[in-house]
Every structure is written in structure tokens, then in C-alpha cells.
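Rule-based calculations on the coordinates, nothing more; no lab input. All values derive from a computational prediction rather than experimental measurement. So basically every Cβ, Gly included, is an ideal-geometry build from the backbone, and we count neighbours across all protein chains shown.
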Amino acid sequence: MKDLSGKHPISALMELCNKKKWSPPEFELVDDTGPEHRKRFLFRVTVNGVLCQPSQPSVNKKLAKAHAAAAALQALGALPKESMTSTTNFCSASSSTL
């Protein structure tokens, strides 16, 4: 498989889905907490029946989506676990489509 570690996680995930002829990833805002001037955001992403979500929120929506994409890439084996920061991820397969 092509090395995706140098790419932005969302781009890499889109590329992987396209290559495998899967539907595009679906991002969903799970939580936005904190005061208006200091919100924290948490996204999850579904890719080919696999739901992935980082355990820690991010300081903005763009970063939160990137963390969700990186979690999905790790779960799909396209990105080594060491390449992401020390954020624990939650992933579950809603079907056996890996």
C-alpha cells in the first residue's frame, strides 16, 4: 500500500476510499463543549462500515476532523499507530467489511 503518512489525514482517507472504491468517509460532529470563546470539538468518521472516533476533543473543527480521519486510517491499517500523537482512539466495525 502507498505510504500515506506524509499526507493530511483527511486527504489520505479520501484517497484510500477512492482507491478501494468505497463510499466517501462520513464525518459527524459528536460534541462541542466549553464556553463560546474556548470550544472543544469531537468528530467521528464512518468509513466502509467502520466507525472511528478519537477520545480527546480538539481546539477547532478542522483539527477534530483530521484526528478522526487519522483514527480511521490507523484502524484500517493505512497509518502506523506511532504516527499519531498520544490520543487514544475508539473504533468499531458495524459490519465485517474490512
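Structural remarks
- Qualifying positions in the stretch 3-39 - in a loop (DSSP other than H, G, I, E, B) and either among the polar types (S, T, N, Q) or more than 13 Å from the chain's Cα centre (by Cα) (or both): 3, 4, 5, 6, 7, 20, 21, 22, 23, 34, 35, 39
- Only one entry in 51, 63, 42 is surrounded by 13 or more Cβ atoms within 10 Å (Cβ to Cβ), without any contact (Cβ under 8 Å) to a residue 40 or more places away in the chain and more than 13 Å from residue 10 (Cα to Cα), namely 42.
- Matching residues in the stretch 45-83 - criterion: being closer than 16 Å to residue 32 by Cα, assigned to a helix (DSSP H, G or I) and in contact with a Pro (Cβ under 9 Å, 6 or more places away or on another chain): 64, 65, 66, 67, 68
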